[in-house]
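J.: Structure provided below as structure tokens; questions to follow.
The values are calculated or read from the model by the stated rules, or taken from the named source; none is laboratory data. These numbers were taken from a predicted model, which means no experiment stands behind them. Here the Cβ is made from the backbone with ideal geometry for all residues, glycine too, and neighbour counts use every protein chain on show.
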Amino acid sequence: DDYVTKPFRVADLQRRIDLVLDKRRYRRELRSAQLRPQDPLMGAGAFPELKADLERSVAEAREAGRPLAALFISVDDFAVAGAGLGPRASGELLREVAARIERTLREPDRVFRIDLETFVVLMPDTTCEAAHHVAERLFKTVCQAPAVQSVDLNALTISVGIAGFPRYGADRSFDLIHAASLALANAKRGGAGSICIA
């Protein structure tokens with residue numbers, strides 16, 4: 001019943017065309033939402049989504065002349081902390097860590113899980129110094145009781161690497177993430193529970 005009989009009015013034809021286009025647009029958006037990579041533990045962005053969000057965030061920061069901070073967060077010695085828990089309990093532990101990270105952040109901040117125990121956070125309108133304060137709050141929030149699946153979260157630590165735009169990412173947006181990952185490596189060299197700014 002998607003045909004128009006003769007004689008037809010132009011307004012009727014236009015309404016039919018608009019309806020078909022709306023249906024196609026809706027199907028395309030639905031398909032796009034279903035294909036968007038989501039992390040099964042967090043329901044937040046996964047690594048493939050990070051690139052697009054990073055490019056958009058850097059472009060917005062550049063246009064507005066505002067800072068942008070990237071945090072690389074890693075659960076220290078997760079293999080040890082999760083040893084003997086099994087996959088289900090380890091997943092629950094990571095879900096709790098992810099939830100605690102989310103609770104510490106503001107609404108515009110975005111979290112991405114990029115491997116088993118590593119997260120990236122993009123923080124618009126945030127300097128490295130402000131991001132450092134957030135990292136300190138993350139230590140308190142993530143590593144506090146109660147225990148999850150017999151793991152004492154007081155014994156759990158995280159390390160954080162921080163980098164900021166425009167110092168990094170002005171030429172290539174991914175340089176911001178790369179700088180934060182190098183800062184994380186430096187933080188880990190300083191010992192568990194360390195923060196390093198690139």
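J.: Inspect all residues belonging to region 175-197 and state whether any of them is of a type in the set (Gly, Ala, Ser), in contact with a Leu (Cβ under 6 Å, 6 or more places away or on another chain), modelled with pLDDT of 90 or more and not in a strand (DSSP E or B).
T.: No, region 175-197 contains no residue that is of a type in the set (Gly, Ala, Ser), in contact with a Leu (Cβ under 6 Å, 6 or more places away or on another chain), modelled with pLDDT of 90 or more and not in a strand (DSSP E or B).
J.: Look through region 165-198, keep the residues that are touching a Ser or Thr at 6+ places or on another chain (Cβ under 6 Å) and small (Gly, Ala, Ser), and return whichever of them is surrounded by the most Cβ atoms within 10 Å (Cβ to Cβ).
T.: Result: 187.
J.: Kindly state which helices (runs of 4 or more DSSP H) lie completely within region 45-119 and contain at least 3 residues that are within 20 Å of residue 136 (Cβ to Cβ) and at pLDDT 85 or above.
T.: Filter on region 45-119 gives 86-104.
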